[in-house]
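Structure first, then comments.
The values are calculated or read from the model by the stated rules, or taken from the named source; none is laboratory data. These numbers come from a predicted model, not from an experiment. When we count neighbours, we look across all protein chains shown, and the Cβ atoms used for this are built from the backbone with ideal geometry, even at glycine.
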Amino acid sequence: MKIVIVGAGAVGSHLAERLAFEGQDVVVIEADRQRAEELQASVDCLVIHANGASIQALEDARVEDAQLLIAVTSSDAVNVLACQAAARLGVPKRVARVQDPTLREDLEAHGVDVVIDPVEALANELLLLVRRGGASEVVEFADGKISLFGGYVHEGSPLDGITLRELRGRVTGWDWIVGAVVRNGDTVIARGDSTITEGDHVLVVASGKSAHDALELMGVDEHRAKKVFILGATRLAVLTAENVARAGISTVLVDAEADRCGELSAKYDRLVVVKGDPTDIKVLKSEGIENADVVIGATGWDEVNILGCLIAKALGADMAVARFRRIEYASLLAGHGIDAGVSTRLAAANEILRHIRRGQIFSVATFQDTDAEAIELQVGDASEAIGKTLHSIGLPKSAIIGGVVRGKKAFIPHGTTEIQAGDRLIAIALPEAIPAVEKLFA
């Protein structure tokens, strides 16, 4: 598939790198010369230094041959104009990043097929993390019937040092499955002979309330948050604070800018807004951060988020979640003082990848420290897998089916589970297996 990306910021560069790695034909248009040159030097794709909203730039990118245009600059107006121009040039599908809610009406008339807002999507993800404290990731599929949880195996965990086959023999009535194990940056799709060890990042697929049992086996103390601290007053911080406070959870927002704090304090009755440095120990202690169930570093600076979260943990907070712009920080620090890392890059990728994957795709989830994807897809009426068991369909070893939704019923499948037309499947796959999964079930 040929894909044209307008904008090589954090989101655009991440998408370009991921899609080029998959072998997609990627062209990026970027107005900033230095940013364009940096991307061209690091990613195997064509980068054009130009204004992506101009007809000439799109023609230079041969956009008429593209199946998809993704406009993800920091300017809503440029993104909409790029889609409008691409529509005139015949691009079948156009995706635009639009952060201002007042601009989202009637965008289809301006050439925008799909609107994404990574910040809003990430704020919703953070609410799920807060509600299921202790997990490093929480992704819901099929309206919450199936969930994927991530967690780090703690010292003394019942999982430590045994194979998954041995674990199955010890546990009765399980309704969850380990989908993947990330160890020292390498990802393995879990099998019966996979051994789990302390420090592993484990991705678990569960139905119903069984996720609690799986997290308990990892040594993860799952708890529902009653008090949350949010560091920063960025748009992400404020949207997250709104969501958390609306859920009935005591919410404290800390930021150093006096005017911004005054504005937020006057606007939101449910928030406790504190003017102070998010990394100032005295400020955090005076507000009782030692009683916080979750602390979220949501400023625009990785270093402030990391330091604020580490200080909060040292003072007694149960869980720390940091927003990262640099993905390498997330993979380095997650599980080492930082319980979970989040990123608008990944939130954008999750929104966009479902429009790239073949077949009827409902959602896609990507992760900080692994290139594995969790994909919710529907079995097509002409799929070659219909009527066959999971054992017999020839699924690649680097993919696993972790959950099935059939009508109103959701369950964790076995090797003898027979695939039916219309099933919704939750697949976890490494990049090399994704084309085979798409082909098998589409």
Original post:
ASP369 fails exactly one of the following numbered conditions: (1) within 15 Å of the chain's Cα centre (by Cα); (2) buried (at least 24 other Cβ atoms within 10 Å of the Cβ). What is the number of that condition?
Top reply: (2)
Subject >> Candidates ALA180, ALA214, filtered to the one that is under 15 Å from GLU137 (Cα atoms) and modelled with pLDDT under 90 >> reply: ALA214
Subject >> Unique match (being over 30 Å from GLU59 (Cβ atoms) and touching a Pro at 6+ places or on another chain (Cβ under 9 Å)) among ARG170, ARG191, ARG97 >> reply: ARG170
**OP:** Only one of these is crowded, with 18+ Cβ neighbours inside 10 Å and within 23 Å of ALA241 (Cα to Cα): ASP117, ASP100. Name it.
**Re:** ASP117
Subject >> Meets criteria (of a type outside the set (A, V, I, L, M, F, W, C), surrounded by 15 or more Cβ atoms within 10 Å (Cβ to Cβ) and in contact (Cβ under 8 Å) with a residue 24 or more places away in the chain) for HIS110 >> reply: no
Original post:
Among the residues of region 325-339, is there at least one that is at pLDDT 90 or above, β-branched (Val, Ile, Thr) and assigned to a strand (DSSP E or B)?
Top reply: no
Original post:
Of the residues that sit in region 136-174 and are at pLDDT below 80 and among the aliphatic types (A, V, I, L, M), which one is nearest to LYS409 (Cα to Cα)?
Top reply: VAL171
Subject >> Residue list for region 367-416, filter: under 18 Å from TRP176 (Cβ atoms) and among the acidic types (Asp, Glu) >> reply: GLU376
**OP:** Kindly state which helices (runs of 4 or more DSSP H) lie completely within region 205-324 and contain at least 3 residues that are closer than 30 Å to PRO413 by Cβ.
**Re:** 211-218
**OP:** Find the residue count for region 218-231, including only residues that are within 17 Å of ALA317 (Cα to Cα) and surrounded by 21 or more Cβ atoms within 10 Å (Cβ to Cβ).
**Re:** 6
**OP:** Kindly provide the set of residues from region 100-127 that are at pLDDT below 90 and within 30 Å of ARG224 (Cβ to Cβ), ordered by number.
**Re:** PRO101
Original post:
Consider ASN305 against the criteria (1) touching a residue at least 12 places away in the same chain (Cβ under 8 Å); (2) polar (S, T, N, Q); (3) surrounded by fewer than 23 Cβ atoms within 10 Å (Cβ to Cβ): it satisfies all of them except one. Which criterion is unmet?
Top reply: (3)
**OP:** Within region 163-187, track down each residue that is buried (at least 17 other Cβ atoms within 10 Å of the Cβ) and of a type in the set (A, V, I, L, M).
**Re:** LEU164, LEU167, ILE177, VAL178, ALA180, VAL181, VAL182
**OP:** Can you run down the residue pairs with Cβ atoms below 7 Å, 6 or more apart or on separate chains, where the first is in region 138-159 and over 15 Å from ALA190 (Cβ atoms) and surrounded by 24 or more Cβ atoms within 10 Å (Cβ to Cβ) and the partner is modelled with pLDDT under 85 and not charged (D, E, K, R)?
**Re:** ILE146/SER207; SER147/ALA211
**OP:** Output yes when any residue across region 188-200 is farther than 30 Å from HIS391 by Cα, under 22 Å from the mean Cα position of the chain (by Cα) and not polar (S, T, N, Q), and no when none is.
**Re:** yes
Original post:
When you look at ASP280, is it assigned by TED's automatic domain parsing to the domain that holds GLU263 and either over 24 Å from LEU122 (Cα atoms) or touching a Phe, Trp or Tyr at 6+ places or on another chain (Cβ under 8 Å) (or both), yes or no?
Top reply: yes
Original post:
In region 30-73, which residues are touching a Ser or Thr at 6+ places or on another chain (Cβ under 9 Å) and assigned to a loop (DSSP other than H, G, I, E, B)?
Top reply: ALA31, VAL43, GLY52, ALA53
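Yes/no per residue for (1) farther than 21 Å from PRO92 by Cα; (2) touching a helix residue (DSSP H, G or I) at 6+ places or on another chain (Cβ under 9 Å):
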{"position": "ALA31", "(1), (2)": "yes, yes"}
{"position": "ARG35", "(1), (2)": "yes, yes"}
{"position": "ALA41", "(1), (2)": "yes, no"}
{"position": "GLY52", "(1), (2)": "no, yes"}
{"position": "GLN56", "(1), (2)": "no, no"}
{"position": "ALA61", "(1), (2)": "no, no"}
{"position": "GLN67", "(1), (2)": "no, no"}
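Conditions tested, residue by residue: (1) in the same structural domain as HIS391 (by TED's automatic domain parsing); (2) in contact with a Ser or Thr (Cβ under 6 Å, 6 or more places away or on another chain); (3) among the basic types (Lys, Arg); (4) within 21 Å of THR299 (Cα to Cα).
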| position | (1), (2), (3), (4) |
| --- | --- |
| GLY151 | no, yes, no, no |
| SER157 | no, no, no, no |
| THR195 | no, yes, no, no |
| LEU203 | no, no, no, no |
| THR240 | no, no, no, yes |
**OP:** Looking for whichever is under 24 Å from the mean Cα position of the chain (by Cα) and under 20 Å from MET319 (Cβ atoms) here; the options are VAL178, VAL204. Which one fits?
**Re:** VAL204
